[in-house]
1. Going by what's in this entry, would Ser64 be described as small (Gly, Ala, Ser), crowded, with 18+ Cβ neighbours inside 10 Å and either assigned to a loop (DSSP other than H, G, I, E, B) or modelled with pLDDT under 95 (or both)?
2. Please determine, by comparing only the residues of region 240-262 that are open to solvent by 20 Å² or more (accessible area, probe 1.4 Å) and more than 21 Å from Trp287 (Cβ to Cβ), which one is nearest to the chain's Cα centre (by Cα).
3. Over 22 Å from Thr166 (Cα atoms), touching a strand residue (DSSP E or B) at 6+ places or on another chain (Cβ under 6 Å), at pLDDT 95 or above and buried (at least 18 other Cβ atoms within 10 Å of the Cβ): which single residue out of Leu278, Leu237 fits that description?
4. Can you list residue pairs whose Cβ atoms sit under 6 Å apart, with the first residue in region 168-195 being part of a loop (DSSP other than H, G, I, E, B) and the second being open to solvent by 50 Å² or more (accessible area, probe 1.4 Å)? Count only pairs 6 or more apart in sequence or on different chains.
5. From the list Arg114, Arg160, exactly one residue is among the basic types (Lys, Arg) and crowded, with 22+ Cβ neighbours inside 10 Å. Which is it?
6. Please enumerate the residues belonging to region 1-44 that are closer than 30 Å to Ser138 by Cα, in contact with a helix residue (DSSP H, G or I) (Cβ under 9 Å, 6 or more places away or on another chain) and open to solvent by 50 Å² or more (accessible area, probe 1.4 Å).
7. Report, by residue number, each residue of region 53-89 that is closer than 25 Å to Thr115 by Cα and touching a residue at least 60 places away in the same chain (Cβ under 8 Å).
8. On the basis of being of a type in the set (D, E, K, R), touching a helix residue (DSSP H, G or I) at 6+ places or on another chain (Cβ under 9 Å) and surrounded by fewer than 22 Cβ atoms within 10 Å (Cβ to Cβ), does Glu304 make the cut?
Amino acid sequence: RQRKQDISNLQYRLKFRIPENKQEEVIGKVQITLKQEKVQPVVLDFREDPHKVKQLKVNGRPDSIRISNEHIVVGTDYLKKGANEIEIDFIAGNQSLNRNDEFLYTLLVPERARTLFPCFDQPDMKSLFTLSLEVPSSWQAVANGAVEQVDSTSVAGCKRISFRETEPLSTYLFSFVAGKLTRETYSRDGRNISIYHRETDPKKVAQCPDIASEVFDALEWQEEYTQIPYPFAKYDLIILPEFQFGGMEHTGATLYTDGRMFLNENPTLNERLARSSLIAHETSHMWFGDFVTMEWFNDVWTKEVFANYYASQ
């Protein structure tokens, strides 16, 4: 409550260097800009080994690192009333990176963003995110924001992918996926959707146009019902092998499990309806959960109730 009351104008600028070998560490940097109503310590969440915090700067000046009970405590030596910038170099936690041999994906719900990077990990402190990823040259990446620039020359064997700034998001909705992925893009009435996947079975890949069509239908239905246009810049989806949930409603980078999206050659009516219901559920979250968000995690059920209700319509 105190952080929500005293801190505003919150923005994160995040950079991650992702090696191809999943045993190597992911190096991160976060620049947090915020406005304080009065000068007081800033307490950030980071549930990782304290030794993974490598450097702290406050308004451009190196500061001492103080970590206590899964929190980075930024003292008042260099903080000021009004706008401040906190910069932290760190080693990313692996707990929520879901690293595989040829790809990785973040999953930060409900309060696991703090296992990946230092942040204010509470849903009522929405912020703008700007992301840059350095990945192996053979990889692709997708995130909440659209790709703004790809630099394939600065670092040998790697490419740096920069993404546009997001709309205000809760930390649990921040997401990126990187790896060897195939991309399919579809358009309807001026709206584009990209599907990223790792499927190799031609019969299953051939279902991508049907999947995209169901997403378009769900978006159009939700817009008509709520009379609120889709509130985010893009709707891309990533279909992942054995993803642990049916789906997860990251804005611009919604995750789905392959077993629910790519159906067998002769699917039953129930299987087809289940896929449509899942897509409708995750799409409903764009309005109920992502655009309008609960204040705290004990009300997470509200977004699920709304999504289930609209998915059944």
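1. Here the answer is no, as Ser64 does not meet what is asked.
2. Checking each candidate, the answer is Gln244.
3. Leu278
4. Within 6 Å, the pairs are Pro168/Lys126; Ser170/Lys126; Lys180/Glu102; Leu181/Gln140.
5. Result: Arg114 is the single residue among Arg114, Arg160 that is among the basic types (Lys, Arg) and crowded, with 22+ Cβ neighbours inside 10 Å.
6. Result: Glu25, single match.
7. The answer is Val53, Asp89.
8. Here the answer is yes, as Glu304 does meet what is asked.
The values are calculated or read from the model by the stated rules, or taken from the named source; none is laboratory data. Note that the coordinates shown come from a computational prediction; the quantities given were computed from them, not determined experimentally. Ideal geometry is used to build each Cβ from the backbone, glycine not excepted, and the neighbour counts take in all protein chains shown. Accessible surface is based on the protein model in full, side chains and every heavy atom, while ligands, DNA and RNA are left aside. Shrake-Rupley method; radii C 1.70, N 1.55, O 1.52, S 1.80 Å.
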